[in-house]
Amino acid sequence: MKLFKKLVLTAILASVQLFIGQNTDTADAHCPWNDLPHCASHADPSPIIPGTAKVAEEAWGEAGRGLYISAAKFMERDNTLPFSLLDNRQKTLLRPEFGSLVDRVRIKYGADMLDRWGSGNFQISQGSDGQTFCNVIYIKNAYRKGDDYQVILLGHELQHSRQCEELGGMSNFGYHYFKQFKKAGQSYENNLLERQANEVESRVKNFVLAASSPSTAYFNYGGAVRWYRRSAGGYCGITSPTHLKVLQTTDPAPSLGDRSPSEFGRDFGVCPPYAFYFNYAGAVRHFSSNRRGYCAFTSPDHLRRFQQSNPAISLGNQTLRTDFGRDTGVCP
Ligand SMILES: [Zn+2]
């Protein structure tokens, strides 16, 4: 059985003619990339021999190691433009998803892209706006400062960088990318690694679009968190971590990181007074920033009466923190 598998694998590998193509208009005229399984089943370089699906996937995977590295070298030779790092805004928007990976990737904008690359008549990846070879990302268009759609595209490509790191580098990524392509019925978009990248891309898209035109948002400036409200035409300053927590409970808006206040309109100074209930030592307390402290209730009836004229959220069980202020005794 082992010998049989080895023979089949060798035969399949021998029949897999890999290519890297560029600017070839005619090659796939009769077989567009998104219709390969349908239109080119006759040209499968590794037709399924019953019982050998896994071996065929293995063959594609092994072939993919070399092809991926060749493609990376080809791109490097073809693109002598200097590398860029992500700019600060791109990093701020992508860091929540990717962490420190945003500091490690290098970008070439305005790159000459591979129009097609694949195996035999099979194009495994279409000419696209972005191509990633581990931590090197090629983007077809020129760099555009503040462009949300470029950030969203980078989100897709960074997911491939992350996959490459997680899989253990270029050779392994090539292996898994081609193997998953075969496993998905030779489909570009059903490839597990592409499905993952598309999922991350849509997550990044929601986040980026919400952040670029939020109705409310938090941002950092001058060592403090600010709360922006479009309807108010400006922003106010948050005075303590508890204040931020209360606001985030009632308004779970995106945090935009370090930003210049000039983008956000008027400075309204300190945010309006705030209040909340919390439980401490088995009893309900009420905090008010006007009172700069918290008070307690003498009975459930007292609490009920007070709540009627002082509606506020409850933060549940809390331990006392310095920004809860002082104990002001019994509530009025
Ligand atoms: Zn992709």
Query raised in the report: Taking Glu194, is it within 16 Å of the ligand (Cβ to nearest atom), on the phi < 0 side of the Ramachandran plot and modelled with pLDDT under 90?
Result: no
**Report entry** Glu199 assigned to a helix (DSSP H, G or I) and surrounded by fewer than 14 Cβ atoms within 10 Å (Cβ to Cβ)
**Finding:** yes
Query raised in the report: So which of Arg292, Arg266, Arg326 is within 35 Å of the chain's Cα centre (by Cα) and free of Cβ contacts under 8 Å to residues at least 60 places away in the same chain?
Result: Arg266
Report summary line: Exception for Asn172 within (1) within 15 Å of Arg106 (Cα to Cα); (2) over 18 Å from the mean Cα position of the chain (by Cα) falls at (1)
**Report entry** Condition met for Gly118 (modelled with pLDDT of 95 or more and within 15 Å of the ligand (Cβ to nearest atom))
**Finding:** no
Report summary line: When segment 297-332 is checked residue by residue, the ones that are of a type in the set (A, V, I, L, M), surrounded by 15 or more Cβ atoms within 10 Å (Cβ to Cβ) and out of contact with any helix residue (DSSP H, G or I) (no Cβ under 9 Å at 6 or more places or on another chain) are Leu303
Report summary line: The residue from Gly222, Gly174 that alone is within 16 Å of the ligand (Cβ to nearest atom) and of a type in the set (Gly, Ala, Ser) is Gly174
Report task. Mind listing whichever residues of segment 218-252 are surrounded by 19 or more Cβ atoms within 10 Å (Cβ to Cβ) and in contact (Cβ under 8 Å) with a residue 40 or more places away in the chain? Result -> Phe219, Trp227, Thr242, His243, Val246
Report task. Would you confirm whether any residue within segment 128-147 is near the ligand (Cβ under 10 Å from one of its atoms), touching a residue at least 40 places away in the same chain (Cβ under 8 Å) and in a helix (DSSP H, G or I)? Result -> no
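The values are calculated or read from the model by the stated rules, or taken from the named source; none is laboratory data. Every value quoted in this text rests on a predicted model; they were computed, and no experiment measured them. Glycine also receives a Cβ, built like all others from the backbone with ideal geometry; neighbour counts cover every protein chain displayed.
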